[in-house]
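Taking it in order: structure first as structure tokens, then the write-up.
The values are calculated or read from the model by the stated rules, or taken from the named source; none is laboratory data. Bear in mind that the values here come from a model prediction, so they are computed numbers and not experimental data. Note that each Cβ is placed from the backbone with ideal geometry, even for glycine, and that neighbours are counted across all protein chains shown. Just the protein is used for accessible areas: all its heavy atoms, side chains included, with ligands, DNA and RNA removed. Shrake-Rupley method; radii C 1.70, N 1.55, O 1.52, S 1.80 Å.
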Amino acid sequence: MASFDLKSIINALPVEVDQWGPPTPAADATLNDIPYAPYSKGDKLGRMADWANESGKDGRDNRGGRGGYNRFGRDQQVYGAGTSNLFAYQHAEDEASFSVVDNTRTSTKTRGGFGRGGGTIFRGRGARGSTAPGRGGARGGALVRAGAGRNERQDTRGGRGGRGGRRFGWKDYDKPQRNRDSSVVIKPDWKMLEEIDFNRLAKLNLETDDGEDVESYGFVSFYDKQYDKPAVKGIDRKLLIQERAYYNPTTSEDPVIQQLAEKDEAQIFATDSILSMLMCAPRSVNPWDIVILRQGNKLFFDKRDGSQLDFVSVNENAADPPMDPETGKESINSPQALSMEATFINMNFAHQVVVDSEDAKINFENENPFYNPQEDTDPLASKGYKYRRFDLSLTEEEPVHLIVRTEIDAALKGTGSAPDSFLSIKALNEFDSKAQGSGGALDWRTKLATQRGAVVATEMKNNSCKLARWTTQAILAKADVMKLGFISRATPKDPGRHVILGVIGYKPREFASQMNLSLSNQWGIVRTIIDMCMSMPEGKYVLVKDPNKPVLRLYEVPPNAFDEELEEKTLEEDEE
């Protein structure tokens with residue numbers, strides 16, 4: 001075996017003064033600025049070049065490709081995989097900013113439930129058995145078979161539209177944040193005492209009785225059953241202007257409530273419009289406020305003069321509610337204009353659908369407490385006021401009773417030996433089914449007779465708070481039937497002329513169950529606010545709904561708060 005001498009090998013190596021190892025070759029710049037693709041120890045050197053797994057053009061990712069998998073094996077990893085493609089040629093400008101414009105003319109016919117705007121729209125129940133639901137649409141989440149053929153079916157299980165869905169357009173991404181103004185100006189000297197989130201209100205619960213009548217005032221006329229019949233085709237039933245005297249004073253200005261408070265008939269006093277707003281607070285979106293007076297052991301729920309509680313909202317709960325125009329010009333479809341229009345419609349409709357006759361009316365125990373024939377020249381409207389008491393006590397040792405002034409609009413003549421029933425009459429209004437803020441509503445003129453359920457379901461979605469308040473008021477008044485009128489503009493551009501398209505009657509408690517309205521939760525909200533105010537000292541408080549958040553705030557205000565607004569309005573009336 002040959003032997004070697006390690007010492008001689010080491011001595012044969014070149015000796016350098018400043019380094020150890022092989023000699024350094026001459027400086028060569030040929031490989032400078034050449035990119036180097038790093039790789040890990042786990043990378044397998046399978047092939048020198050893998051054209052089957054090449055990235056997309058210009059080094060972009062091959063979207064929709066098989067990634068590291070190729071036709072030679074599933075688990076084989078490509079050399080350099082996971083690193084950026086340093087050797088790809090890059091254009092000076094990214095071609096992704098360019099797009100191909102298709103100028104070819106396409107057919108204008110819609111296919112398979114695709115409506116205007118290119119979005120998939122499924123509204124309401126639609127026409128069962130039709131091949132294309134169109135604007136009516138098919139039920140979301142269901143497979144609709146249109147015929148006996150193998151391919152005659154339509155699957156709407158995507159969930160994009162569905163029942164009560166809304167239209168998603170290409171401008172949805174750029175919608176401005178909607179900020180509403182508070183219903184009342186919060187002044188610096190106001191002290192915030194409590195802040196209540198709507199989630200807390202939804203968990204409250206209190207069981208109470210149906211209430212009892214304490215006193216009744218006014219009269220009600222009988223309802224005209226002709227309005228229950230469908231309208232004759234080609235003949236419009238116009239909504240007429242009714243010159244009638246209608247009163248809705250606040251709680252503390254009601255002379256009957258003042259008398260009942262002096263007699264200690266209850267500790268809490270309110271009107272149905274104020275109480276229903278409080279009971280339906282979790283459904284509200286628009287701002288509102290309630291003035292609360294604590295006097296001794298009594299509590300009065302009041303409203304400011306000209307408060308939002310006196311007006312009827314329109315599409316408050318819609319996904320895209322009405323908006324004010326950005327240009328600052330007045331619009332007939334702005335929230336304020338629509339609210340005034342809806343309030344006007346409700347007052348006139350309730351007076352038009354009753355029989356105006358001295359013989360065809362029911363007089364209550366007392367006359368109207370607000371009517372003064374010496375000052376008011378207009379005749380009284382059909383309106384009955386029932387003052388009803390509810391027991392909100394938790395224990396017998398601490399009784400808590402609430403008296404609320406409720407309203408009855410008309411009476412319905414009983415058939416045969418059946419007694420007469422009392423009605424609550426309200427009206428829903430349509431302004432323009434194609435305008436912004438319509439909430440995806442169907443065209444009432446064509447769909448109300450054939451798709452009544454879809455129309456009502458859409459209104460329950462877009463006007464959840466308003467319908468909940470009306471239902472609550474009917475239940476508080478113990479009305480037997482709630483009549484809902486459907487009023488539309490004679491032309492979409494004219495807010496001053498309207499036609500009556502139809503009237504539908506509901507039992508208030510059945511309608512409440514359809515809306516998922518819980519009376520026990522509503523009474524729990526009222527009792528919570530009462531306990532909160534009763535724990536405070538005597539004074540004036542304001543319960544304010546935040547204009548942009550689902551939050552209620554309770555403020556302590558000076559005793560003379562809102563007196564300036566009353567004085568300014570008095571001066572304006574004197575000048576007129």
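Odds and ends about this structure:
- Listed pairs Lys203/Lys540; Lys238/Lys493; Lys187/Lys329; Lys203/Lys303 exceeding 21 Å between Cα atoms: Lys203/Lys540; Lys187/Lys329; Lys203/Lys303
- Gained length - Ser518 relative to Asp224, 0.36 nm times residue gap less alpha-carbon distance: 102.7 nm
- The candidates Lys329, Lys191, Lys461, arranged from most to least accessible area with a 1.4 Å probe in the full protein assembly, appear as Lys329, Lys191, Lys461.
- When both the range 172-232 and the range 462-477 are represented by their alpha-carbon centers, they are found 7 Å apart.
- Relative to the globular-protein estimate of 2.2 N^0.38 Å, the Cα radius of gyration of the range 245-342 stands at 1.34.
- With 27 Å as the limit on Cα-Cα distance, the pairs of Lys263/Lys386; Lys298/Lys466; Lys434/Lys549 that go past it are Lys298/Lys466; Lys434/Lys549.
- Relative contact order (percent, whole number), the range 459-504, Cα cutoff 8 Å, 6+ residue spacing: 27 percent
- Cα convex hull of the range 462-523 - mean projected area over all directions, nm²: 5.2 nm²
- Computed E for Gln336/Thr415 - FRET, C-beta separation, R0 45 angstrom, nearest 0.05: 0.55
- The range 235-290 and the range 355-378: distance between their alpha carbon centers, rounded to Å: 19 Å
- Counted residue by residue at 0.36 nm each, then reduced by the alpha carbon distance between them, the extension gain from Glu538 to Lys298 reaches 85.5 nm.
- Estimated distance in nm for a label pair at Glu262 and Ile10, the labels positioned 7 Å out from Cα along Cα-to-Cβ: 12.3 nm
- Distance in nm between pseudo-label sites at Gln436 and Ala360 (7 Å out along the Cβ direction from Cα): 4.6 nm
- All alpha carbon pair distances within the range 377-427 were sorted into 5 Å bins beginning at 0; the resulting P(r) in whole percents reads 5, 14, 14, 16, 15, 12, 10, 8, 4, 1, 0.
- For Ala449 and Glu195, the FRET efficiency from 1/(1 + (r/R0)^6), where r spans their Cβ atoms and R0 equals 35 Å, is about 0.15.
- All-pairs Cα distance distribution in the range 343-390, expressed in whole percent, bin size 10 Å: 19, 46, 32, 3
- The modelled label-to-label distance for the pair Glu375/Lys329, using points 7 Å beyond Cα in the direction of Cβ, is 4.2 nm.
- Between Lys187 and Arg497, the contour length at 0.36 nm per residue exceeds the Cα-Cα span by 107.5 nm.
- For the residues Ile475, Ile268, Ile235, a 1.4 Å probe over the protein chains yields an accessible-area ranking, largest first, of Ile235, Ile475, Ile268.
- Farthest positive-ward along the range 298-393 dipole, Cα basis, beta-carbon charges - from Leu392, Ser357, Pro379: Leu392
- Rounded to the nearest 10 square angstrom, His401 shows an accessible area of 50 square angstrom against a 1.4 Å probe.
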